[in-house]
């Protein structure tokens, strides 16, 4: 069995005159991202690996989660996950080692919400810093496809923690 944690980046700032890719986290984002990492650790869901969009707000979110959850592996930054569709996430996950039981992806809407829908047929508003826990009855990440059924075990939104 494999577990996938699907996270939308934490709240970003629009107060800077920067390209979308370079937008930083705002105050709430800087608080929510580590809180979600702490929450995952408290649930026994420390990721073995975190794959993240390379956009600033996503990578800062991923780094905060990594530090607070106890994830020992460095965050893997992937340009292909910037504003990606579900296929890009699945392709990235297919390269994850079989020894990894809990993988996490950090990215952007609408792709993150669509990824949850592809695997679970659930559609839920996906505010910033939301994390969904999806389980799969597979032994290898290479076996993951858009047709792989997932079981939505939990969805955590920062305002409800």
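Couple of notes before you dig in:
- As a rough footprinting exposure proxy, the listed residues 4, 83 were ranked by other beta carbons within 10 Å of their own, and the order from fewest upward is 83, 4.
- Given (1) 0.93; (2) 0.97; (3) 1.01, the label whose value is Rg/Rh (Cα atoms, Kirkwood Rh) derived from this model: (1)
- For the peptides 33-41, 101-109, the ranking by mean Cβ contacts within 10 Å, running from highest to lowest, is 101-109, 33-41.
- With both labels modelled 7 Å from their Cα along Cα-to-Cβ, the residue 15 to residue 145 distance reads 4.9 nm.
- Relative to the current alpha-carbon distance between residue 101 and residue 87, full extension at 0.36 nm per residue lengthens the span by 3.0 nm.
We did not get these values from a lab; they are worked out from the coordinates using the rules stated. The model shown is predicted, which means the values in this text are computed figures rather than measured ones. Counting neighbours? That spans all protein chains shown, and the Cβs are built from the backbone with ideal geometry, glycine included.
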